[in-house]
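Novice: Here it is, the structure in full.
What follows is calculated from the coordinates using simple rules that are stated; it is not laboratory data. Remember, it's a predicted structure, so these values are computed and weren't measured experimentally. Every residue, glycine as well, gets a Cβ built from its backbone with ideal geometry; the counts of neighbours run over all protein chains shown.
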Amino acid sequence: MSTSLQQPHEPLPQEPADPAGGQGLDNAVWAALNGPHRHLAEFAGDAARYRPSVSPFAAVADPADPRCWDDLAALVGPGNSFLISPMPKAPTRWTGGHVRGFQMIGTAMRGAVEPEAVRLGPDDVPDMLALVRATRPGPFEPATIEMGDYFGVRRGGRLIAMAGERLRLAGWTEISAVCTDPDHRGQGLAARLMRHVAVGILDRGDTPFLHVADNNTSAIRLYEALGFTVRRPTSFNFLQVPA
């Protein structure tokens, strides 16, 4: 999700109640950290976050409970920043910005093996980070690869496209880090890699989902063509604990 941050000069609208079933998706980061990704988590009371080397995402059990935010402040530390979704009821003295977007579910998505795809591992991380810097698909850290399976396309030894798994919770796995080098766009690599990633997700009985900035219309069209539908509006909120 590459877009500039919007400073929240006014309160963000509250998200609607779960309109499409999707148990856990309303607070997907919390569900992941208390589920399949518990081994990647750090906890303090009713707050949790990924290890910083894995992801900047954090979550609270109940955004409406001030005690949860006290737990999160203790976990993250004064003056430090984190990323939280969905739209939170954060204390007013916490500063930051947000990116508005959509949560989409791929109930009609079909997987397909991509012959050109190669599995990416720890040795590929420097090339993955370089591709992320060039394309800005969203947060990606040196140990993000521990969140799930990642696949890429190399040509001439150069990593030119990739996609993989990010949040994983009971019954759902997020497809993320979908990016293609600008010199190789227009070849359908993003769609082909997403279908390849979906093979593993569907084989274990999960349903794919993803997040996208609401102004990224070209990506939204691609995801709809692959079988995704908008489940709900959401936002990604970059917040800083008061020093």
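Novice: Pick out, from 144, 222, 128, the residue whose Cα sits farthest towards the positive end of the charge dipole of segment 118-233, with +1 on the Cβ of Lys and Arg and -1 on the Cβ of Asp and Glu.
Specialist: 222
Novice: Moving to a separate point now. Between 225, 31, 117, which gets the highest mean-square fluctuation from a Gaussian network model of the chain, Cα cutoff 10 Å?
Specialist: 225
Novice: Continuing with this model, one more query. For the residue pair residue 185 and residue 229, what label-to-label distance in nm results when each label sits 7 Å from Cα along the Cα-to-beta-carbon direction?
Specialist: 2.9 nm
Novice: Got a sec to turn the phi values of segment 232-243 into Karplus ³J(HN,Hα) couplings, 6.51 cos²θ - 1.76 cosθ + 1.60 with θ = phi - 60°, whole Hz, x for Gly and Pro?
Specialist: For segment 232-243, the Karplus curve yields 6, x, 8, 8, 9, 10, 9, 10, 10, 5, x, 6 Hz.
Novice: Right, another one. Please find, in a Gaussian network model of the chain (springs between Cα atoms separated by less than 10 Å), the residue of 149, 214, 203 whose mean-square fluctuation is greatest.
Specialist: 203
Novice: For a paramagnetic label modelled at 7 Å from the Cα of residue 61 toward its Cβ, which residues of segment 159-178 fall within the zone defined by backbone nitrogen distances under 20 Å?
Specialist: Inside the label zone: 169-170.
Novice: Under 15 Å from a point placed 7 Å out from the Cα of residue 81 along the Cα-to-Cβ direction: which residues of segment 133-158 have their backbone N that close?
Specialist: 138-141
Novice: In addition: Only four residue types carry charge here, +1 at the Cβ of Lys and Arg and -1 at the Cβ of Asp and Glu. Report the dipole size of segment 118-233 about the Cα centre in Debye, rounded to the nearest 20.
Specialist: On the way: 15 positive and 14 negative charges, 65 e Å.
Result for segment 118-233 is approximately 300 debye, rounded to the nearest 20.
Novice: Is the shape of segment 42-98 rounded, prolate or oblate, going by the alpha carbon gyration tensor and its root eigenvalues a ≥ b ≥ c, with a/c under 1.5 for rounded and a/b larger than b/c for prolate? Display every interim value, and only then the final one.
Specialist: Values: a/c = 1.41, a/b = 1.16, b/c = 1.21.
Rounded shape, in that the Cα axes give a/c under 1.5.
Novice: May I pose another question? Taking a virtual spin label 7 Å from the Cα of residue 116 along the C-beta vector, which residues in segment 183-206 bring their backbone nitrogen under 15 Å of it?
Specialist: 183-197
Novice: Compute the signed sum of charges (Lys and Arg +1, Asp and Glu -1) over the other residues within less than 10 Å, Cβ to Cβ, of residue 32. Please list the in-between numbers first.
Specialist: Details: positive: 38, 166, 168; negative: 174.
Residues close to residue 32 contribute a combined charge of +2.
Novice: OK, next. What is the helix-to-structure angle for 189-203, meaning the angle in degrees between its Cα long axis and the longest Cα principal axis of the chain, kept from 0 to 90 and rounded to the nearest 10?
Specialist: Approximately 70 degrees, to the nearest ten.
Novice: Above 15 angstrom, tally the Cα pairs of segment 162-243 and express them as a % of all pairs, no decimals. Walk me through the numbers before you get to the answer.
Specialist: Details: 2069 of 3321 pairs.
Looking at segment 162-243, the distances longer than 15 Å represent 62 percent of pairs.
Novice: May I pose another question? Would you pull out the residues with amide H under 5 Å of residue 46's amide H, same chain only if 5 or more places away, H placed 1.01 Å from N?
Specialist: none
Novice: Would you calculate a helix-derived [θ] at 222 nm for the chain, using -39,500 (n - 2.57) for each DSSP H run of n ≥ 4 and dividing by the full residue count, to the nearest 500? Before the final figure, lay out the partial values.
Specialist: Numbers: 5 runs with 52 residues, N = 243.
Mean residue ellipticity at 222 nm (helix-derived): -6500 deg cm²/dmol.
Novice: Computed FRET efficiency, Cβ-Cβ of residue 107 and residue 243, R0 30 Å: what is it to the nearest 0.05?
Specialist: 0.10
Novice: How long are the three semi-axes of the equivalent ellipsoid for segment 90-168, computed from the Cα gyration tensor as the root of 5 times each eigenvalue, in whole Å, largest first? Could the numbers behind the result be given before it?
Specialist: Numbers: eigenvalues 152, 69, 27 Å².
They are 28, 19, 12 Å, listed largest first.
Novice: Then there is this: Considering every Cα-Cα pair within the chain, what fraction, in whole percent, is farther apart than 27 Å? Mind dumping the intermediate values first?
Specialist: Working: 9449 of 29403 pairs.
For the chain, the share of Cα pairs beyond 27 Å comes to 32 percent.
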